[in-house]
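Working notes, beginning with the structure itself.
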Amino acid sequence: MRVSMTPPHARAERRGVLQHAVDTAAVCTGLDPEVFFRADREAGADWRPRRDDALRVCAGCPARTACAELALRDGEGRADEDDMVRAGLTGPQLAAQRVLQADRLAVAVAADRDAEGARLDALTTQLLRTAVKNPDRSGGHRAGDRAQAAQNQLVRELGAQVRQIRAARRARGGWGAAA
Ligand code: SF4
């Protein structure tokens, strides 16, 4: 059955679609991320040929359009810093695109955050329910211990996801990692 989505729902789902496209098709998977970034105090003469190599990698990447959209939504690239490549664009080129597409991106970023907030709520609810649940001990001592261990593991995983989302939201709000 095809589920139709309202425009706000469609926008909220868009980030996941983009991320999936990058995760499944990026040609840079497995490459050292340093390939795409200028090192501290790296001379321009050293960085520029490396930057051109990175641009060539992106030029052949089938995920480039999705990668560019995510980079723009994430606010990557600065107008005054030639220090990175993403999606076949330098930092200043990404910054210029953000200015050109400012209105559209504001809507997209708001939708990203709404979707993230909904996910945070759902994960937090699942975490609380799982943490207070009594494991099934009807299968005996060992089975009960295994169920408890599985439940503990799930609580740890859910807790890690909740912390990760909260840290990202705090960082975007201008708070440090320890806030
Ligand atoms: S466009 Fe470039 S940075 Fe983006 S996924 Fe492809 S290779 Fe990686």
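Please treat every number below as a calculation from the coordinates, not as lab data. Note that the structure is predicted; figures quoted are calculated from it, not measured. Glycine also receives a Cβ, built like all others from the backbone with ideal geometry; neighbour counts cover every protein chain displayed.
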| Principal axis lengths of the stretch 7-100 from Cα atoms, whole Å, largest first? | 47, 29, 19
| field | Size of electric dipole in the stretch 7-100: Cβ of Lys, Arg +1 and of Asp, Glu -1, about Cα centre, debye, nearest 20 | value | 400 debye
| Can you give the angle from 0 to 90° between the axis of helix 102-132 and the longest principal axis of the chain, with both taken from C-alpha atoms, to the nearest 10? | 20 degrees
| said: What does the net charge come to around Gly60 if you take all other residues with beta carbon closer than 14 Å to its beta carbon, with K and R at +1 and D and E at -1? | reply: 0
| Once label points are set 7 Å from the Cα along Cα→Cβ at both Leu55 and Arg104, what is their separation, rounded to one decimal in nm? | 2.2 nm
| query | Toward the positive end of the charge dipole of the chain, about the Cα centre and with charges on Cβ (Lys, Arg +1; Asp, Glu -1), which of Ala95, Thr130, Cys61 goes farthest? | reply | Thr130
| Which FRET efficiency value, to the nearest 0.05, do you get for Ala149 and Ala122 by plugging their Cβ-Cβ distance into 1/(1 + (r/R0)^6) with R0 = 22 Å? | 0.35
| field | Tail weight of P(r) past 30 Å, computed on alpha-carbon pairs of the chain, percent | value | 38 percent
| Can you list, bin by bin at 10 Å, the percent of alpha carbon pairs in the stretch 80-130, starting at 0? | 22, 28, 25, 18, 7
| Cα axis of helix 64-73 to longest principal axis of the chain: angle in degrees, 0 to 90, nearest 10? | 80 degrees
| task | Have a look at Ala149, Ala167, Gly139 and report the one farthest towards the positive end of the charge dipole of the stretch 127-170, computed about the Cα centre with Cβ charges (Lys/Arg +1, Asp/Glu -1). | result | Ala167
| said: Quick check: convex hull of the Cα atoms in the stretch 118-172, volume per residue, rounded to a whole Å³? | reply: 57 Å³
